[in-house]
Amino acid sequence: MENGDRTVILLILILVVGFLIWRFQRWLEGPVKRRSWIPRHSEVPLDDVVELLEGAGFDVIAGKTKIPISMTVNDRERLESRLFIDYFAQKDEQVYLVKVAKERKPLEMTGSSVRDMLMAYSLIYPEADGVLYVDMALNKIKKITFHIEV
């Protein structure tokens with residue numbers, strides 16, 4: 001082995017050890033933050049709901065979003081459906097999913113009713129800090145957060 005070969009091998013070893021130390025330090029700093037899948041686009045309609053949210057200090061960051069869902073029953077029958085999130089809003093670095101109340105399907109403020117109607121949205125976007133339920137008939141915004149004990 002010549003002197004030049006030793007220098008190249010030594011440089012490669014220094015680079016490898018440096019890379020391993022850098023990766024170890026990043027691992028010690030904690031888990032890597034998951035990439036946020038919350039859509040951020042400018043297609044937000046200017047309507048009464050957006051005005052109410054902005055009046056309450058929220059920034060509306062996205063409009064209606066469709067979430068396609070496909071299901072398989074008994075490994076054969078395929079079913080299709082979808083969920084809609086009306087808006088995404090942000091306040092103080094916290095992001096919320098927004099559902100607007102519907103006259104034909106009112107939300108009863110009971111644990112089971114809130115769970116059945118809104119928890120699926122929170123499970124789809126676990127990085128969201130909660131669900132805002134906007135009732136335009138009463139001009140009220142209800143912030144709902146789910147705490148699941150396993």
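The values are calculated or read from the model by the stated rules, or taken from the named source; none is laboratory data. Note that the coordinates shown come from a computational prediction; the quantities given were computed from them, not determined experimentally. Virtual Cβ from ideal backbone geometry, glycine too; neighbours counted across all protein chains shown. Side chains included, ligands, DNA and RNA excluded: accessible areas come from the protein's heavy atoms. Shrake-Rupley method; radii C 1.70, N 1.55, O 1.52, S 1.80 Å.
Percent of accessible area on segment 50-114 owned by carbon and sulfur, 1.4 Å probe?
About 45 percent, which is the carbon plus sulfur part of the accessible surface.
Describe numerically, in nm with one decimal, the distance between label points set 7 Å from Cα along Cα→Cβ at R23 and at S112.
Simple spin-label model gives 5.2 nm for this pair.
Which one is right for this structure if volume of the Cα convex hull per residue in Å³ is calculated from it: (i) 250; (ii) 94; (iii) 109?
Among (i) 250; (ii) 94; (iii) 109, the one calculated here is (i).
For segment 85-150, what does the alpha-carbon gyration tensor say about shape, rounded, prolate or oblate, given a ≥ b ≥ c as the root eigenvalues, a/c under 1.5 as rounded, and a/b over b/c as prolate?
Since a/c reaches 1.5 but b/c is at least a/b, the shape of segment 85-150 is classed as oblate.
Give me the 1.4 Å probe accessible area per residue for the chain, excluding ligands and nucleic acids, in Å².
Accessible area per residue, the chain: 77 Å².
Using a Förster distance of 30 angstrom, determine the FRET efficiency expected from the C-beta separation of K66 and L15, and round it to 0.05.
The computed FRET efficiency comes out at 0.05.
Amide H neighbours of L83 under 5 Å, counting only residues 5+ apart in sequence or on other chains, H built in-plane at 1.01 Å?
The list, which skips near neighbours in sequence, is I67, I69.
Roughly what % antiparallel, to the nearest 5, for the DSSP beta bridges in the chain?
About 80 percent, rounded to the nearest 5.
Based on DSSP H runs of at least 4 residues, each adding -39500 (n - 2.57), what is the mean residue ellipticity at 222 nm of the chain after dividing by all its residues, to the nearest 500 deg cm²/dmol?
Helix-only estimate at 222 nm: -10500 deg cm²/dmol.
Can you give me the relative contact order of the chain as a percent, contacts being Cα pairs under 8 Å and 6 or more apart?
Relative contact order, the chain: 15 percent.
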